[in-house]
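Throughout, read-outs are computed from the coordinates displayed, never taken from laboratory work. Note that this is a predicted model, so its numbers are computed, not measured. Every residue, glycine as well, gets a Cβ built from its backbone with ideal geometry; the counts of neighbours run over all protein chains shown.
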């Protein structure tokens, strides 16, 4: 397996969207942390559902319903294997990472959070892993504690021990920072947390597509991610939870599918995983996501990591050749995300000009305002690289940035 | 110069540019020519916060004319504001309020008008018009 390497020119042909011109320039797509493009197999899979297979799943007596129900449950198995969950019913399909975090914030909060309790998050978090906990704390009279990071963008691990106390109920942390690319040592965090009987939720939105995930090895209590960031369709996501937690937590949404028996006096809930899947699930999204996972598994997660790491090293050295360049996020362990500013040039100006040169990047605070406050900046330009990006595209980016520099100085 | 004449002049100016690069370079030039804003006027109230860049807009009546002063931390945004000020500043509030700003479309900056662009152009125009409405009402009392 480790011998496997990625044939990028061949792989690029799997992504039809990449073959186009933007503002008369070949598209260079470097906004993968926001969303990834879809391989033809995923597009075809979704197409096939709507052309041949569509039917509402579960409870159907007819052929199409039974067939698609089976495909949906196979998708669940595929996710289970991909993240190495112990049980299939530990995989809940949601609409995405934000939905998954909100679901846990609600369900966990209802059951376990009271006045003066504490939830620990970090300064690196995306707003999606800040605001739900903040709202929960406000509602319950609980407190939010925040673990800081150093100037390289690495969490200060000693702070976890300092912040955990007998009021700590949960730690919510991202596996990889969307703005800086820092890979957090989640295993060490779960070790510290579990020594203190505190569960850990891991926001995997930026890790699922870049490295092999093993939730049993990480030993996290919850792991959440979005399909669209791992080459799957939009509007589909996963909430993994250890069985013992999912058994104990109340449903966060109610309605059809999640019930066992309903009378006007009382409703009893269905078993896992259905207890957490009220209403008609996004089965198209779930099956499409499973197809995307199969696709990247066929490429090899180690090969993906090696290719992206090569791109990161190359891009870092190419950007640093530009005078006045500052890269934010220089952790020892990071993924192929480059957040940067060129001295005296606004990130928005940079992004506007890159766009006209066919280069798609993201500019702004990337939904991490507290992180930007740490550095005392309003935002950055972020180039986030994925499996289909090439060294040639990095060269183009460098040339384009030199042009930007010339225009604005 | 009337509002229409001014817009026509800008449209003609931009029609000479072959590509976006020339347009952006021109906007950069305009941003440098924009009179510096009094730092005292860079207040929270005068800040139009978009997602991407900060824009400050100050308005005051000089006689029966409304005069605008503005700044931005992003240069292209500042160039766009400079255009808006060229067109609208120093006119009567009633005229500003009713102004049909077709030049934006004509010079190819329409993409910057999409609300998702969040560069504040829509917000800027809204704020300019809101000032015009406010000062017009003041004048009527």
### chain A, helix-only ellipticity at 222 nm - DSSP H runs n ≥ 4, -39,500 (n - 2.57), divided by all residues, nearest 500
-12000 deg cm²/dmol
### Task
For chain A, with a Gaussian network of springs between Cα atoms less than 10 Å apart, report the residue from A:174, A:234, A:47 with the top mean-square fluctuation.
A:47
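Could you work out the relative contact order of chain A? I mean the mean sequence separation of Cα pairs under 8 Å and 6+ apart, divided by the number of residues, in percent.
The normalised contact order for chain A reaches 23 percent.
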### Task
Enter the angle in degrees (range 0 to 90, nearest 10) between the Cα long axis of helix A:63-83 and the first principal axis of the Cα atoms of chain A, meaning the one along which they spread out most.
60
### Message
Output the 0 to 90 degree angle, nearest 10, between the alpha-carbon long axis of helix A:391-408 and the longest principal axis computed from the alpha carbons of chain A.
### Response
60
### Task
Kindly give the semi-axes, whole Å and largest first, of the ellipsoid equivalent to the stretch A:347-402, taking each as the square root of 5 times a Cα gyration tensor eigenvalue.
23, 13, 9
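Return one quarter of the surface area of the convex hull spanned by the alpha-carbon atoms of the stretch A:119-238, equal to its mean projected area, in nm². Walk me through the numbers on the way to the answer.
Numbers: hull surface 30.2 nm².
Answer in nm², one decimal: 7.6.
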#### Entry: Residue-averaged beta-carbon neighbours from other chains (10 angstrom radius) around A:338-349
4
### Query
Which distance in Å, rounded to a whole number, links the C-alpha centroids of the stretch B:32-92 and the stretch A:372-394?
31
### Task
Measure of size requested: the Rg and Dmax of chain B, with Cα atoms as the atom set and Å as the unit; please supply both.
14.6, 49
### Message
I need to check one value: relative contact order of the stretch B:3-140, counting alpha carbon pairs closer than 8 Å and at least 6 residues apart, in percent.
### Response
27
### Message
Could you compute Rg(Cα) / (2.2 N^0.38 Å) for the stretch A:277-389, with N its residue count?
### Response
1.32
### Message
So if each residue of separation counts as 0.36 nm, and I subtract the Cα-Cα distance between residue A:406 and residue A:261, what length gain in nm does that give?
### Response
45.3 nm
### For the stretch A:7-67, alpha-carbon Rg and Dmax in angstrom
17.2, 53
### Query
What share of all Cα pairs of the stretch A:215-327, in percent, falls into each consecutive 10 Å distance bin?
12, 26, 28, 18, 10, 5, 1, 0
### Message
Going by Cα centres, the stretch A:302-358 and the stretch A:81-151 are how many Å apart?
### Response
30
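Per residue of B:68-74, count partner chain C-beta atoms within 10 Å of its C-beta, then hand back the mean as an integer.
3
Taking every pair of distinct Cα atoms and averaging 1/r, then inverting, what Kirkwood hydrodynamic radius in Å comes out for chain A? Show your work: numbers first, answer last.
Numbers: mean 1/r = 0.0449 Å⁻¹.
Answer for chain A: a Kirkwood hydrodynamic radius of 22.3 Å.
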### Summary
The FRET efficiency for residue B:29 and residue B:136, from their Cβ-Cβ distance with R0 = 41 Å and rounded to 0.05, is 0.80
#### Entry: Difference of contour (0.36 nm per residue) and Cα-Cα distance, residue A:22 to residue A:53
7.6 nm
### Query
Helix-derived [θ] at 222 nm for chain B: sum -39500 (n - 2.57) over DSSP H runs of at least 4, divide by residue count, nearest 500?
-15500 deg cm²/dmol
#### Entry: Gyration tensor (alpha-carbon) shape descriptor, the stretch B:2-66, a/c threshold 1.5
oblate
### Query
Relative to a virtual label point 7 Å from the Cα of residue A:144 in the Cα→beta-carbon direction, which members of the stretch A:60-101 show backbone nitrogen distances below 17 Å?
A:98-101
### Query
Counting only DSSP beta bridges with both residues in the protein assembly as shown, what percent are antiparallel, rounded to the nearest 5?
70
### Message
Can you give me the angle between helix A:301-320 and the longest principal axis of chain A, using Cα atoms only, in degrees from 0 to 90, rounded to the nearest 10?
### Response
40
### Query
Which distance in Å, rounded to a whole number, links the C-alpha centroids of the stretch A:154-225 and the stretch A:27-56?
30
### Task
Starting from the eigenvalues of the Cα gyration tensor, five times each then square-rooted, give me the equivalent ellipsoid semi-axes of the stretch A:71-146, largest first, whole Å.
29, 13, 11
